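All remarks here apply to the structure that follows.
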Amino acid sequence: MGTLIEGSSLRGGWMRRAVWGGALALLLTPLVAMQFTDEVQWTGADFAVFGAMLLIACSLYELAAWLARDNAYMVAAGLAVGAGFLTVWANLAVGILGSENNPVNDWFFAVPLLALVAAAAVRFRPKGLAWAMRLVAAAQLALAIWLALAGHGHVWVFTAVMCAAWLGSAELFSRARQR
């Protein structure tokens, strides 16, 4: 990862094309799959919601590219946006705990929302973002503990992966602050 952080800029044209092109490819994948299998059955609403999610994620990339002074900030932002995106996507698609219709799953939307609110509160500055991402990791862990103690189920693997992403993001924002 050191090469990625210290190498060519992740804010420029090639990365911008990769981010937006990747989002378009993700959006078109279910459409293509629907031509070959009945297992994928998306409605217009499904495409609209997924398109909105991708637009938000790509717009956050653009914001990070505008604010970043180095690649550490870009990778940190990518980890944070990716963690939030995957949380929302998994929760809407299949649910994190049980099915997507389980009302307990609504709590998982609070974690990426907290990340976004905390990032805005610290005005997207690296030092504040490092602390904000640590707070989000703590909230993710607290949610898993609360769900387990309340008898709703265990989400330890999901929690570990998401906490690793939030804490990795925090570490990289700390590095960005030091440069």
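The values are calculated or read from the model by the stated rules, or taken from the named source; none is laboratory data. Keep in mind that what you see is a predicted model, and the values were worked out from it rather than measured. Reconstructed Cβ throughout: ideal geometry from the backbone, glycine too, with neighbour counts over all protein chains shown. Quick note on the areas: whole protein, heavy atoms, side chains included, nothing else; ligands and nucleic acids left out. Shrake-Rupley method; radii C 1.70, N 1.55, O 1.52, S 1.80 Å.
Values as computed for the structure displayed
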| item | result |
| --- | --- |
| Of residues in the range 8-25 being open to solvent by less than 70 Å² (accessible area, probe 1.4 Å) and touching a helix residue (DSSP H, G or I) at 6+ places or on another chain (Cβ under 7 Å), the one modelled with the highest pLDDT | 23 |
| Test: residue in the range 142-160 that is under 24 Å from residue 63 (Cα atoms), touching a Phe, Trp or Tyr at 6+ places or on another chain (Cβ under 7 Å) and open to solvent by less than 60 Å² (accessible area, probe 1.4 Å) | no |
| Helices (runs of 4 or more DSSP H) completely within the range 30-131 that count 2 or more residues being among the polar types (S, T, N, Q) and open to solvent by less than 40 Å² (accessible area, probe 1.4 Å) | 71-93 |
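Let's see how each residue does on (1) farther than 30 Å from residue 69 by Cβ; (2) touching a residue at least 12 places away in the same chain (Cβ under 8 Å):
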position	(1), (2)
88	no, yes
92	yes, yes
110	yes, yes
134	no, yes
150	yes, no
153	yes, yes
163	no, yes
173	no, yes
178	no, no
